[in-house]
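First the structure, then my questions, so here it is.
The values are calculated or read from the model by the stated rules, or taken from the named source; none is laboratory data. Just so you know, these numbers come straight off a predicted model, no measurement behind them. Cβ coordinates were reconstructed from backbone atoms using ideal geometry, including for glycine residues, and neighbour counts include every protein chain displayed. With ligands, DNA and RNA removed, areas are computed over all heavy atoms of the protein, side chains included. Shrake-Rupley method; radii C 1.70, N 1.55, O 1.52, S 1.80 Å.
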Amino acid sequence: MTEQALDGVSFRMKTPFDFGFVSRWGKIFRVFDGQDSGNICFGTERNGERFFLKFAGAPTARYQGNREDAVARLKYAAGVYRDLAHPNLIELLETAEIGGGFLLVFRWTDAVCMGKQYPESRARFFTLPMEKREQVFLDVLDFHRMVLSRGYVPVDFYDGSILYDFEAEKTVLCDIDFYQKRPFFNQMGRMWGSSRFMSPEEFALGAEIDEITAVFLMGATAFALFGGELDRSFEKWALDEQKYAVALRAVSEKREERFQSLRDFAAAWNGGIR
């Protein structure tokens, strides 16, 4: 393990790497070096405009795989971000084969992450009035209905994918790199993702990952935003009993007991189905 510094910002790498190309997008003000995906990310500023850079191809501190796989995954992700462009999704501006790897350049957002790895911003998120937290959930649901309509299924979505811009009062979503075109089947056994958000089929080799899987994800997301996450008791639930019943049905271990579409889930959540 080694420590590098760029523009006065230090970060960890397995071995030193030349990131000189990053200066094309300005001066670095922040580095995200803790991912285990093979990516390293930078916040940069150029002429008053800020960018978020995601790069694969460097020997990052926590990645255990090979460089070529990380680069291939990020190239695939570029197409996902283009296909799933949405007002609540972080905006992809450009891509580049550069530095011996591959780079995605996004518009910077001042939104902060509600994932457990960011305890301060997560705690701040839970101070939001309940109606604003509910709007975040509806934004997440709306985005995923669009995802399904464009022929994709979500993979590796969790609370770390949800950001909130407190000044603009806007939900911002990120890290959809592993979303897959349908039909898609589990080729790994235990798939990518946080177990708090994963359905049984995401642990079952050969299982189809489909809209019913996405229903489970939305139920698990509801319990993350309004309940006790894996403690799905009503005592931990912050909303009414009707919405609790909807979320609980969505996370049923048995696929046939879940809502069979996000449309039905959304209708039930909004009180249209009892």
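Which is among the small types (Gly, Ala, Ser), modelled with pLDDT under 95 and open to solvent by 20 Å² or more (accessible area, probe 1.4 Å), of Gly206, Gly193?
Gly193
Answer yes or no as to whether Tyr152 is open to solvent by less than 20 Å² (accessible area, probe 1.4 Å) and over 13 Å from the mean Cα position of the chain (by Cα).
yes
I've got another one for you. Pick from the stretch 4-24 the residues that are outside any helix (DSSP H, G or I) and polar (S, T, N, Q): which of them is surrounded by the most Cβ atoms within 10 Å (Cβ to Cβ)?
Among those residues, the one meeting the criterion is Gln4.
Taking the criterion of being within 25 Å of Glu167 (Cα to Cα), open to solvent by less than 70 Å² (accessible area, probe 1.4 Å), small (Gly, Ala, Ser) and touching a residue at least 40 places away in the same chain (Cβ under 8 Å), would at least one residue in the stretch 96-105 satisfy it?
Looking through the stretch 96-105, none of the residues is within 25 Å of Glu167 (Cα to Cα), open to solvent by less than 70 Å² (accessible area, probe 1.4 Å), small (Gly, Ala, Ser) and touching a residue at least 40 places away in the same chain (Cβ under 8 Å).
Pairs under 6 Å by beta carbon, first residue within 18 Å of Arg67 (Cα to Cα) and open to solvent by 10 Å² or more (accessible area, probe 1.4 Å) in the stretch 30-45, partner small (Gly, Ala, Ser) and in a strand (DSSP E or B), six or more apart or different chains?
Filtered contacts from the stretch 30-45: Asn39/Ala56.
Looking at (1) of a type in the set (D, E, K, R); (2) open to solvent by 10 Å² or more (accessible area, probe 1.4 Å); (3) within 22 Å of Pro87 (Cα to Cα), find the lone condition where Glu120 falls short.
(3)
Restricting attention to the stretch 47-90, which residues are open to solvent by 70 Å² or more (accessible area, probe 1.4 Å), under 20 Å from Val172 (Cβ atoms) and not basic (Lys, Arg)?
Listed by number, the residues that qualify are Glu49, Pro87.
Answer yes or no: is there a residue in the stretch 145-166 that is among the polar types (S, T, N, Q), in contact (Cβ under 8 Å) with a residue 40 or more places away in the chain and in contact with a helix residue (DSSP H, G or I) (Cβ under 8 Å, 6 or more places away or on another chain).
no
Considering only the stretch 172-188, state which residues are open to solvent by less than 10 Å² (accessible area, probe 1.4 Å) and over 17 Å from Phe137 (Cα atoms).
Matches in the stretch 172-188: Tyr179, Asn186.
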